[in-house]
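**Student:** Input: one structure, supplied below.
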Amino acid sequence: MRPCARTEHFVIYARPNQLKQARLGIVAAKRFAPRAVTRNTVKRLCREVFRQSQLSGLDCVIRLSSPPNARHQPATGMSLKQMLYRELTQLVGQCGKSQKKKASSKAS
């Protein structure tokens, strides 16, 4: 699968499926988020943004591609959550637009 969209900390891969609903996979590697609290926060935010996006007919995998915070910073906090939420919203929006564009070009 090729990346559909990228942001500073995430990459999303997507391809069409034959189902009515979209499916999500999340990869939050220990290498990029060594603390379980941070990994769980990333996964929770990914699921929430994906649920709100109302995509249909896509298989998506969101991968954490760089550390969202340094070791000396808090594992999770309001500023980290807000930054990740904005970035994930942007990422899923870009992916939705690019998939619609591909679907319309195939229909033509």
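Each value in this text was obtained by applying a stated rule to the coordinates, not by laboratory testing. Treat the numbers as computed from the prediction; the structure is a model and nothing was measured. Here the Cβ is made from the backbone with ideal geometry for all residues, glycine too, and neighbour counts use every protein chain on show.
**Student:** May I ask you to derive the relative contact order of the chain, considering only C-alpha pairs under 8 Å and at least 6 residues apart, and to give it as an integer percent?
**Tutor:** 37 percent
**Student:** Right, next: Given the pairs 81/102; 20/100; 43/101, which span a C-alpha to C-alpha distance of over 25 angstrom in this model?
**Tutor:** 81/102; 43/101
**Student:** Using a Förster distance of 22 angstrom, determine the FRET efficiency expected from the C-beta separation of residue 101 and residue 6, and round it to 0.05.
**Tutor:** Efficiency for this residue pair is about 0.85.
**Student:** Provide, as a two-decimal number, the C-alpha radius of gyration of region 3-107 over 2.2 N^0.38 Å, N being how many residues it has.
**Tutor:** It is 1.10.
**Student:** Which percentage, to the nearest 5, of the DSSP beta bridges contained in the chain is antiparallel?
**Tutor:** 65 percent
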